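Asks: Can you read through this structure? Questions will come right after.
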Amino acid sequence: MQDTIDYSVLDAAIEEFGAKESSLIAVLQRAQEVYRYLPAEIFPYLSAKLGISEAKIYGVATFYENFSLEKKGKYVIKVCDGTACHVRHSVPILEALRKELGLSAEKKTTDDGMFTVETVSCLGACSSAPAVMVNDEIYPTMNPDKAIALVISLQGVKNA
Amino acid sequence: MDKKFMTIDGKTVEINGERNILEVARKAGIDIPAFCYDPELSVYGACRMCVFENERGAIDASCSAQPRDGMVIKTNTPKLRKYRKTVLELLLSNHCRDCTVCPKNNKCKLQEFALRYNLSDVRFPNDYNDASKDTSSYSIVRDSKKCILCGKCVRTCNEIQNVGAIDYGFRSSKMKIVTAFDGEIANSPCVGCGQCAAVCPVGAITVKDDSEKVWNALSDPNTEVSVQVAPAVRVALGKEFGLKEGEPLMGKLVFALKALGFDKVYDTSLGADITIFEEAAEFADRLANGGVMPMFTSCCPAWIKHAEHKHPELLNNISTCRSPMQMFASVIKHEYKGDKKHVHVAVMPCTAKKFEAKRDEFTAKDGSKTVDYVLSTQEIIAMIKTAGINFAEAENCPPDNPFEEFTGGGVIFGVTGGVTEAVLRFVSKDKSDKALKEIAYTGVRGLKGVKEATVKIAGKDVRIAVVSGLANADALIEKIEKGEVKYDFIEVMACPTGCINGGGQPRAELKDRILRADGLYKADEAEVKRASDENVLVKEMLSKMDKHLKHELLHTTYIKR
């Protein structure tokens, strides 16, 4: 858990992409990667550094689905619901995961901050449909049972 | 010469560097409808009302299409009418249609176009997001259920004012105009200039209405209500009463305010005269004694708030003078000798004045605000109409004792360059018409966003800049901070062209602003005394004040926000 904001992450990203308006998305992606969401505290910082109003940064952050203003879980589980995954029954996987973790379409992150379950429109892993991605790792040809087993194994990592 | 022509609705029109087909058509007198297009803003191309049809029957938006030599287009065909009607129906389908209780009733573009395109029915269910209004600002009210997402407010806030309080948030059907984190506008860097309300074609952003509180004060027999009227108001209300745009109508307005029940009516031009005395003295002092330079003017409350947000390093460069409204109000409240409760109202072209009046710095001895209520020009017009006063036929009345005297120097505060010109008149020993004319030609006049002049004062070359529009101010400040330019005196007005185009005025296109500026200069020329130091009343008043009292009544401080 990253509780205090480490601004050096932003500084490094700004250094890399340039202190200009057009670097905003790249810098936000870096922030999202490191903090796993876009903390409110970084808005005034980026506004001053990149010369963009906080309102505009908020506009960009709310436009793209990939950016989150809320803290995500340690494990972000993305259930692919693209056409290939959908026809090979991705929805039951999603439902099983939500049921197992007590989540819904509105409540996406568990209270203990361990898991976030969301859908994506395509992971580009259609040949392994239905696919699930946990953080940066793809889990191919899933079904509800395998998904639950995956969650349990991840919980085991936590308890270990 | 290679002249270029295009044909619009069978009319041959010359193309002369216009930025789009829409401008060419409007030049030819063809009024293509548009919500999101504004000649002073960038092209957004969102509303799709300004469509045209080419020879092959293809449809495109005239705001984002370039005119080409030999082009033949039509702007009013069955296909286009159908297209526009559908656009209107879609806009109306998620628009709150309670027109009769909307502040923009009868001034709304959506209403106007629905009528113009003879819309008799909307095929889609009326389903809008019934979010509550944002009434957090003293200056404006935001009502998202009236918003048609034309983006004029966003572009004005960013491009003209460089404030960036609002932007487009979310996307698709969830898109809306937001502040950062979709919070209340009062907690944003909004400066309250009201230019967003001025450009809003519908009722999504409107001027905060404080008239009810003033009506209550007026009907209370135990309250004496005094009112001051800013210079720019007098040239902005004629059209609303069937008179000419830009005609100076202070005399009629005094009559109307008396008829509304105001006990004392004063002219803020006197406050402007006081400001000139104080500001000129402060400038001379800074110049002679090596004070912080350059000195920025402090009349405009939107500029002040902007500087407090964005330029805290400049707060010592801003004149400590209160605005004319605040100086005058402090004096009026200080001098009030009556037994009744005293309420002071200011009629202003400005929405930022509503915020200024609430600032902690401006509290009278009795604990009240020095200005109890600020009414915009729009609100006072509405009140005059409510009372059924025949404004067009009203007699001309002078302002009341004991503050009846004012000069032309105070009157021209209402237009960009006016404050500077008044200062130059003040410091000029020669007050002849010829001398005043020379001052007028130094470069301080005209409606350009940035003006420069160099004037000799007390043997020294004084470099002056006059800016209106906060984006222009920010660009100038950047140049100053980089050392590219150097000035001694800088006049800043937040609204482009100054108070004549204030956020609280009836909407003024550029051509209307020219008329309003002319009207103010006409009113100035009608005065016998045109330099503020000729105001005997102010001179005597100031001579009786000691340094401490002047500080208490006429000067102020700023805070970093």
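Asks: Just one of (1) farther than 27 Å from B:LYS310 by Cβ; (2) away from every other protein chain (no Cβ under 14 Å); (3) buried (at least 18 other Cβ atoms within 10 Å of the Cβ) trips up A:THR4, so point out which.
Replies: Single failed check for A:THR4: (3).
Asks: Filter the stretch A:4-28 down to the residues that are within 20 Å of the chain's Cα centre (by Cα) and either of a type in the set (Gly, Ala, Ser) or over 24 Å from A:GLU70 (Cβ atoms) (or both) and list them by number.
Replies: If the condition is that a residue be within 20 Å of the chain's Cα centre (by Cα) and either of a type in the set (Gly, Ala, Ser) or over 24 Å from A:GLU70 (Cβ atoms) (or both), then A:ALA13, A:ALA26 are the ones that fit.
Asks: Continuing with the same structure: Filter the stretch B:529-545 down to residues that are surrounded by fewer than 16 Cβ atoms within 10 Å (Cβ to Cβ) and either modelled with pLDDT under 95 or among the polar types (S, T, N, Q) (or both), then give me how many there are.
Replies: 1
Asks: Related question: For a quick check of your reading of the model, give me the residue pairs whose first member lies in the stretch A:31-43 and is away from chain B (no Cβ under 12 Å), whose second is assigned to a helix (DSSP H, G or I), with beta-carbon atoms closer than 7 Å and at least 6 apart or on different chains.
Replies: Cβ pairs passing all conditions: A:ALA31/A:VAL9; A:ALA31/A:LEU10; A:ALA31/A:ILE42; A:VAL34/A:VAL9.
Asks: Which one is surrounded by the most Cβ atoms within 10 Å (Cβ to Cβ) among residues in the stretch B:56-115 that are among the small types (Gly, Ala, Ser) and not in a strand (DSSP E or B)?
Replies: B:SER62
Asks: Among B:VAL233, B:VAL265, B:VAL225, which is part of a strand (DSSP E or B) and closer than 18 Å to B:ALA394 by Cα?
Replies: B:VAL265
Asks: Does A:TYR64 satisfy the condition of being within 14 Å of chain B (Cβ to nearest Cβ), touching a residue at least 12 places away in the same chain (Cβ under 8 Å), among the hydroxyl-bearing types (Ser, Thr, Tyr) and crowded, with 21+ Cβ neighbours inside 10 Å?
Replies: no
Asks: When the stretch B:468-484 is examined, which residues are found to be crowded, with 17+ Cβ neighbours inside 10 Å and free of Cβ contacts under 8 Å to residues at least 40 places away in the same chain?
Replies: Scanning the stretch B:468-484 gives B:ASN472, B:LEU476.
Asks: Could you name every one of the strands (runs of 3 or more DSSP E) located completely within the stretch B:138-208 that has at least 2 residues being more than 10 Å from every other protein chain (Cβ to nearest Cβ) and under 29 Å from B:ASN106 (Cβ atoms)?
Replies: Fully inside the stretch B:138-208 and qualifying: B:140-142, B:205-207.
Asks: Follow-up. Go through the stretch B:272-318 and report how many residues are assigned to a loop (DSSP other than H, G, I, E, B) and either more than 18 Å from B:TYR487 (Cβ to Cβ) or touching a Leu at 6+ places or on another chain (Cβ under 7 Å) (or both).
Replies: 1
Asks: Please find, among A:SER47, A:SER23, the residue that is within 14 Å of another protein chain (Cβ to nearest Cβ), free of Cβ contacts under 8 Å to residues at least 40 places away in the same chain and touching a helix residue (DSSP H, G or I) at 6+ places or on another chain (Cβ under 6 Å).
Replies: After applying the criteria, what remains is A:SER47.
Asks: Among the residues of the stretch B:425-446, write down those that are among the aliphatic types (A, V, I, L, M) and part of a loop (DSSP other than H, G, I, E, B).
Replies: Of everything in the stretch B:425-446, just one residue is among the aliphatic types (A, V, I, L, M) and part of a loop (DSSP other than H, G, I, E, B), namely B:VAL444.
The values are calculated or read from the model by the stated rules, or taken from the named source; none is laboratory data. For clarity, every value in this text was computed on a predicted model and none was experimentally measured. Note that we place each Cβ from the backbone using ideal geometry, even for glycine, and neighbour counts take in every protein chain shown.
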